[in-house]
């Protein structure tokens, strides 16, 4: 099985094992989609590029404020839906879209487990 297929398997496992996560993707730091389980109408390359930009900006802000080592970026939208971005492995990060009912502590645990699997593959 190729690494791409393995990463897609990790994303499918994350979605099936965590009903609080609606969609997910693995993106490179340079804004390329590595693997994706995003909604069909989503422009995968656009989301990947914008997410990489946001993570880069978060890293710069953290550094400027003396908070090295950015681990997570959280965007809380209307109706309490969230987008969570976490470092997955050197050069990649994991994006997850949560449901309205999601408990972020549970989501964080699920993402940590997925990150451990991503790290093994990469």
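The values are calculated or read from the model by the stated rules, or taken from the named source; none is laboratory data. A quick note: this is a predicted structure, and the numbers were derived from the prediction, not measured. Every residue, glycine as well, gets a Cβ built from its backbone with ideal geometry; the counts of neighbours run over all protein chains shown.
Per-residue answers, yes or no, for (1) modelled with pLDDT under 90; (2) in contact with a helix residue (DSSP H, G or I) (Cβ under 6 Å, 6 or more places away or on another chain):
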position	(1), (2)
58	yes, no
67	yes, no
78	yes, no
82	no, no
89	yes, yes
97	no, no
116	no, no
- Task: Six or more apart or on different chains, Cβ under 7 Å: which pairs go from a residue in segment 7-31 that's touching a residue at least 12 places away in the same chain (Cβ under 8 Å) and at negative phi to one that's part of a loop (DSSP other than H, G, I, E, B) and surrounded by 17 or more Cβ atoms within 10 Å (Cβ to Cβ)? Could you list them?
- Result: 20/102; 23/38; 25/38
- Task: Just need a number here: residues in segment 71-115 that are over 20 Å from residue 44 (Cα atoms), part of a loop (DSSP other than H, G, I, E, B) and touching a residue at least 40 places away in the same chain (Cβ under 8 Å).
- Result: 3
